[in-house]
Amino acid sequence: MRSAKKVLTACATWGLAAALALPALPQEPVTQGPAIRTQVSLVNLFVTVRDKSKRIVTDLKKEDFKIAEDGQDQQIAFFSKEVTLPITLALLLDTSGSEQFMLGAIQDAGGSFLDRVIRKGDEALIMSFDTDVDLLSDFTDDRGQLSRAIRKARINTPSSGGMINPGPVPTSHVTGTALYDAIYLACNEKLTSEAGRKAILIVTDAQDEGSKVRLEEAVEAAQRTDTVVHIILVYDPRYGGNTSVAHKITEETGGRMIVANSEKHLVEAFDQISEELRSQYTLGYYPSNSAHDGKFRKIKVQLVDPQNNKELRIVDQKGKNVKYSVLAKAGYVAPREVE
């Protein structure tokens, strides 16, 4: 059914350490070069807007938006309200020892989330990551298969070569949380060939240990494939979570970071992400800077009053001006010339 899109269907588990150790990894942008070059002419942005009460705003028009790239205003060439456009979703579950205390609740809430969010035309895959990245289910719209895949997730325990208890002195010499590798692989191996709205939802404490790629490379992979990354930050209060990493990943890709350290908050977080996946604006523009120089281009999306081109604000009950909350990716890396 999806033979043209499946890349690694012969294996349920990716040999991540071996794959990322190959010399081919740094060459990946070169092999992808022609595809990137043709796609970057139109920069696509998926934008979510909330008011001061954090309610989704769905009645905005093209004229309400303003886009700037590296401080230069850009002309919006494409605009639509995306409510029914199919979603391609990757759900990534952290199965390192630090998530042991919440894994059962994560599986319950994650299964319910997919039951609600997956509709006709949508597809999702399930991955888990600890010392390695495992593909538990490839893309499918079969919610039963996805639910079973979530239940396959297992904490990396000493008996399987990993650790069960986090802390300054691990219980095994094999430790790690390949968060950055998981994002990189999900984007480059699975989502790059997909069209339409693409999103990654990660449930993690955002503590990375042992990834072969850097944080910046993971973020760039998401930006390059027009993938929005959301993170539900779940961490054991005794050891904490890396909020700065979670903020960087989500803010630079246009997603949202939500802290959820109880079953109630976890369900609420999944509900909020579900709402955002279904209520987005799509904006596109052709950059005024057409140079193929491989440099990072910073993007800023604002709401403006079409009458005076000034920033649009909400006036609350106390008469104070309050900005709307606008979620969009922070930028992208321009392609390089291919000789």
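The values are calculated or read from the model by the stated rules, or taken from the named source; none is laboratory data. On a predicted model such as this, the values are computed, not experimentally measured, just so you know. Don't worry about glycine lacking a Cβ; one is built from the backbone with ideal geometry, like all the others, and counts go over all protein chains shown. Heads up: the accessible areas ignore ligands, DNA and RNA and are worked out on the full protein's heavy atoms, side chains in. Shrake-Rupley method; radii C 1.70, N 1.55, O 1.52, S 1.80 Å.
Quick notes on this structure:
- Estimated vicinal HN-Hα couplings, Hz - segment 289-295 in sequence order (Karplus 6.51, -1.76, 1.60; Gly, Pro = x): 8, 9, 5, 9, 10, x, 8
- Summarised as an ellipsoid, segment 246-295 has semi-axes of 33, 15, 5 Å, derived from the eigenvalues of the Cα gyration tensor scaled by 5 and square-rooted, with the largest first.
- Sparse-neighbourhood loop sites, trypsin sites (Lys or Arg not before Pro) in segment 44-126 - DSSP loop, at most 13 other Cβ within 10 angstrom: Lys54, Arg55, Lys61, Arg119, Lys120
- Whole-Hz Karplus values for segment 53-64 come out as 8, 6, 7, 5, 9, 10, 10, 7, 10, 3, 5, 7 Hz, taken residue by residue from phi with 6.51 cos²θ - 1.76 cosθ + 1.60 and θ = phi - 60°; glycine and proline positions read x.
- Over segment 57-142, volume per residue of the alpha carbon convex hull, in Å³: 186 Å³
- A 1.4 Å probe, protein heavy atoms only, puts the accessible area of Asp142 near 70 Å².
- Accessible surface for Lys329 stands near 20 Å², nearest 10, in the context of the full protein assembly shown (1.4 Å probe).
- Restraint check, Lys81/Lys212; Lys62/Lys298; Lys52/Lys295; Lys54/Lys329; Lys295/Lys329, Cα-Cα greater than 26 Å: Lys81/Lys212; Lys52/Lys295
- Exposure of Ser274 as accessible area (Å², to 10), given a probe of 1.4 Å and all protein chains: 20 Å²
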